[in-house]
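Note sheet for the following structure.
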Amino acid sequence: MENSNDSAWLANADQPLTGYERIWGNTGTPRSLRTRGALEDVSAMVGRGGLTVADLQEQQFANRVPAGDLAAADAAKACAALPGGTATGSDGAAVNVSAACAVLAAWDRTADASSRGALLFDRFWRKLTANTAARDLWLVPFDAADPVRTPRTLNRAAPGIGRALADTVAELRKAGIAADAPLGEHQFVVGGGTEALGVWNRIEAPWNAAGGGYPEVLHGSSHIQAVGWDGGRCPVARTLLTYSQSSNPDSPHSASPALKVVWPRERH
């Protein structure tokens, strides 16, 4: 089971919850990429066998980008197919985006601090999805009978792709940021990504080109919990509080590191 601040409907995608009051969330509608990605991760771990709480802890910070797995390869192919490697931006200017094609193709599909191409895809994806309807973005539409795997298959002919590439390349170029710059050099200084990318380790930060990219992470994942059983009479649980230990900016603990808490086995 997994839930990322989403409807209870697909807490277990193999046994969807239906027939409950709407307060528990809607059903039969598209899920966020973060929910879809986390469900895929958990399912894959279960399939390998021997799933432990430690496995869940590790995967929460694997920084896989589901949107990248779904769309980066096709975006790179659409980029490479542009005549002369040039696309037209939203301001009507022609932009040479050819360097971005190889970066997207080579990107490791993670949002680790060392990932090259993660920042490029992040900016591209935000622009593309903000201005392209889902019906035009995906070749395979949402199917309530297959909610984890749909929608999928990027429509390489979608006109918004070239525009988003041009706007992204122009934006990074103006800010003096290389297309293949490591994410950690411009998202200070942690890995993770926005919920729109589907990253389980959610990081939300406003874009500030003058400040070098994402200089200030404002919020993201808050309380994270992994729970399992090992044959004992109590669950094994690990929790992580990702924010500081005090909301008082004058407190010496205002910017304290993340606080890990281990629940004792004898606690009920």
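A few comments on the model shown:
- Residue-span extension gain [A80 to D250] - 0.36 nm each, minus C-alpha spacing: 56.0 nm
- Each label point was placed 7 Å from the Cα along the Cα-to-Cβ direction; for A144 and S222 their separation is 3.1 nm.
- Using the Cβ-Cβ distance between D91 and N5 with R0 set to 41 Å, the FRET efficiency from 1/(1 + (r/R0)^6) comes to roughly 0.70.
- Spatial separation of Cα centroids for the range 7-41 and the range 193-231, in angstrom: 21 Å
- Between C234 and T29, the C-beta separation translates, for a Förster distance of 45 Å, into a calculated FRET efficiency of about 0.80.
- Cα radius of gyration and Dmax for the chain (Å): 20.2, 67
- Gap separating the Cα centres of the range 96-116 and the range 133-187, nearest whole Å: 12 Å
- Over the range 66-217 - Rg/Rh using Cα atoms and the Kirkwood inverse-distance radius: 0.95
- Most mobile listed residue (R135, R126, R156) in the chain, GNM with C-alpha springs under 10 Å: R135
- Accessible surface, 1.4 Å probe, highest first, among residues W200, W24, W207, W229: W229, W24, W207, W200
- Within a Gaussian network of the chain (alpha carbon springs, distance under 10 Å), most fluctuating of E216, E40, E58: E58
- Rounded to the nearest whole angstrom, the semi-axes of the ellipsoid equivalent to the range 146-201, taken from the Cα gyration tensor as √(5λ), stand at 25, 20, 7, largest first.
- For the chain, complete DSSP H runs whose alpha carbons reach 15 Å or more along their own long axis and whose mean Kyte-Doolittle score is -1.0 or higher are 33-48, 66-80, 118-131, 159-174.
- The range 27-114 - convex hull of the alpha-carbon atoms, volume per residue in Å³: 159 Å³
- Largest-first principal axis extents, alpha carbons of the range 1-155, Å: 52, 33, 22
The values are calculated or read from the model by the stated rules, or taken from the named source; none is laboratory data. Model, not experiment: these values are computed from the prediction. Glycine also receives a Cβ, built like all others from the backbone with ideal geometry; neighbour counts cover every protein chain displayed. Calculation scope for accessible area: heavy atoms of the full protein, side chains included, ligands and nucleic acids excluded. Shrake-Rupley method; radii C 1.70, N 1.55, O 1.52, S 1.80 Å.
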